[in-house]
Amino acid sequence: MEGSPYGMEYSDRNQKTKCCSTSLKIFIGALAFCYFSKSLTGFYTKSTITQIERRFEIPSSTVGIIDGSFEMGNILVITLVSYVGAKFHRPKIIGAGVLLMGIGTLLMASPHFIMGRYRYGTAATHTNDAGNFTVISTCSSDSQETLQKPYSGCQQEESGRSPLWVMVLLGNAMRGIGEASIVPLGMSFIDDYARPENSAFYIGCLNTLGVIGPIFGFMLGSLCANLYVDIDSVFQASVTITPQDSRWVGAWWLGYVVSGLLTLLAAFPLWFFPRALPENSQISELNHPPQQHKTIPSLTEIVKGATSVPGVALGIFLSGLMMKRFKWDLLTSARVNLYAGVAMLFLAVPFFALSCGNLEVAGVTVPYQGSKEVQGVISDVLPSCNDDCGCPDIHWDPVCGENGVTYISPCHAGCSSTQGAGRNMTFHDCRCIQSWGLSVGNSSAVLGQCSRDPKCNRMFYIYLGLQSLAFFVYSLGTVPYFTLSLRIVDPELKSISVGMLLFTVRVLGGIPAPIYFGSLIDSTCLKWGRTKSCGRGACRIYDIETFRD
């Protein structure tokens with residue numbers, strides 16, 4: 001048998017099978033690296049949204065458009081790429097898409113190197129953003145005389161809002177265009193060269209490795225958020241505000257540089273894969289059986305899953321493992337997907353019971369001592385304790401009084417003297433704090449907002465636990481729903497099926513959701529910041545109770 005034609009044919013077929021399996025696993029590894037880099041950047045963007053909003057002085061609705069630009073760019077090309085790309089060199093097309101994502105990510109960081117330094121008004125500097133006039137933030141006769149004159153802090157010749165946020169939007173749209181090739185072409189390539197019982201397991205492993213990206217994305221976002229935005233040009237010790245201050249802007253751009261370079265690196269290996277893996281006749285017969293009749297491609301509409309916590313990785317891995325172990329058919333896969341979605345809805349109901357009270361801000365969320373509150377609206381922002389101070393209401397320079405109440409500025413607290421400098425500056429003889437019944441010696445304030453009730457931290461941890469459980473349950477249907485989109489159509493339509501699935505999800509959810517919810521978030525703002533031209537900037541404090549409802 002060893003020298004017979006049959007033996008040679010069997011040996012050759014076995015060699016091709018092993019070669020196909022090895023090449024496929026290497027491709028899955030390279031594709032998993034792409035999943036990691038794209039999900040890292042995507043979730044880093046989610047975590048740095050607040051920093052972008054503050055840096056460019058834009059409302060949440062505009063930030064929602066920036067966030068949705070990824071989906072906008074994606075839906076422009078995903079159907080075309082899914083259909084046409086399947087007929088050409090899929091690994092190289094995926095590599096080109098990942099390369100475009102890397103370039104777009106670096107473009108998102110570029111405004112930082114074009115814009116000037118970030119300026120914020122504070123009592124610790126006594127100068128405005130432009131450095132050409134004095135701001136007296138404490139209550140004194142000088143501040144009263146200053147504010148009796150026309151306010152000169154507004155720069156009418158400038159909008160006060162940088163238009164460079166458009167570059168962040170364009171970069172994110174480029175990421176969306178590049179990502180269009182990864183999922184439909186990558187999954188169809190795997191399904192073409194893997195045995196049917198292994199395909200779901202491979203896709204599950206792929207998505208599991210991709211879920212690691214969000215973990216690192218949030219970690220990178222947390223690290224960069226605690227570094228001052230101009231860390232490359234300003235000493236951290238000279239910054240007088242802390243990350244807890246609503247004026248703080250972290251080094252939002254740094255994460256895009258890191259993830260952009262990582263994405264460019266992920267694109268490199270894909271250019272060296274062949275157009276097709278070595279033929280495996282057994283797999284070919286299973287994946288491309290003789291056609292009895294032509295089936296009409298179905299458009300599957302399934303609500304998206306969420307991949308933001310480690311529990312999702314376990315859920316995806318288990319779903320792929322169970323599909324391989326129990327050999328779920330299409331009907332069972334559809335049922336698992338449905339049950340997982342319904343279970344998540346029930347698990348989300350307890351979220352409405354979790355609440356955290358608003359931060360007590362005098363004149364904003366709570367009245368000054370002696371002021372009146374009419375139908376939930378604070379009616380007196382400048383009460384008798386500071387009415388002769390001439391406090392400019394456009395500034396947000398919060399201080400925390402010894403009474404546990406936050407004041408918009410030292411002037412609004414009625415403070416008339418200071419001690420120390422920089423972050424260690426304290427304010428004394430604050431009449432509005434004295435009005436709470438405190439003695440003169442206990443009427444001081446420090447820079448920054450007061451701390452929240454410790455109960456809020458406990459509520460947050462409970463929320464994270466429930467969210468992790470809900471995401472875990474829902475992710476059990478992730479692999480079945482992708483497998484459905486691959487198996488309910490003819491083999492040559494696999495890519496377009498996944499592409500149309502993602503297109504539908506993004507049109508119905510990915511684009512309108514961030515814009516709609518951004519507008520809702522804006523509607524809960526209690527105190528708006530101001531730009532250089534005194535126009536509306538980023539929100540400084542939200543109504544948490546309305547935000548939850």
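Placing R0 at 56 angstrom, the Cβ-Cβ distance between residue 325 and residue 387 gives a FRET efficiency of 0.15 after rounding to 0.05. Report, in listed order, any pair from 87/327; 92/494; 38/324 with a Cα-Cα distance greater than 21 Å. Result: 87/327; 38/324 exceed 21 Å. Solvent-accessible area of region 210-272 (1.4 angstrom probe, protein heavy atoms only): carbon and sulfur portion equals 79 percent. A 1.4 Å probe over all protein chains sorts 328, 248, 271 by accessible area into 271, 328, 248, starting with the largest. Estimated at the nearest 10 Å², the accessible area of residue 201 is 50 Å² with a 1.4 Å probe. Here the spin labels are modelled as points 7 Å beyond Cα on the Cα-Cβ line, and at residue 508 and residue 421 they lie 6.2 nm apart. Of the peptides 443-450, 236-243, the order by per-residue mean of other Cβ atoms within 10 Å, starting with the highest, comes out as 443-450, 236-243. Fully extending the segment from residue 446 to residue 339 would add 33.2 nm, taking 0.36 nm per residue of separation and subtracting the current Cα-Cα distance.
Computed FRET efficiency, Cβ-Cβ of residue 463 and residue 523, R0 22 Å: what is it to the nearest 0.05?
Result of the calculation: an efficiency of 0.50.
With all protein chains in place and ligands, DNA and RNA left out, the 1.4 Å accessible area ranks 312, 166 as 166, 312, largest first.
Under a 1.4 angstrom probe, counting protein chains only, how are 71, 492 ranked by accessible area, largest first?
Working: 71 35, 492 110 Å².
Output order, biggest surface exposure first: 492, 71.
The label-point distance for residue 76 and residue 117, in a model that sets each label 7 Å from Cα toward Cβ, rounds to 3.7 nm.
Averaged over residues, the count of other Cβ atoms within 10 Å places the peptides 348-360, 470-482 in the sequence 470-482, 348-360, highest first.
If R0 is taken as 56 Å, the Cβ-Cβ distance between residue 242 and residue 271 corresponds to a FRET efficiency of 0.75.
The values are calculated or read from the model by the stated rules, or taken from the named source; none is laboratory data. Just so it is clear, the model here is predicted, and its values are computed rather than measured. Note: ideal-geometry Cβ built from the backbone for every residue, glycine included; neighbour counts use all protein chains shown. Accessible surface is based on the protein model in full, side chains and every heavy atom, while ligands, DNA and RNA are left aside. Shrake-Rupley method; radii C 1.70, N 1.55, O 1.52, S 1.80 Å.
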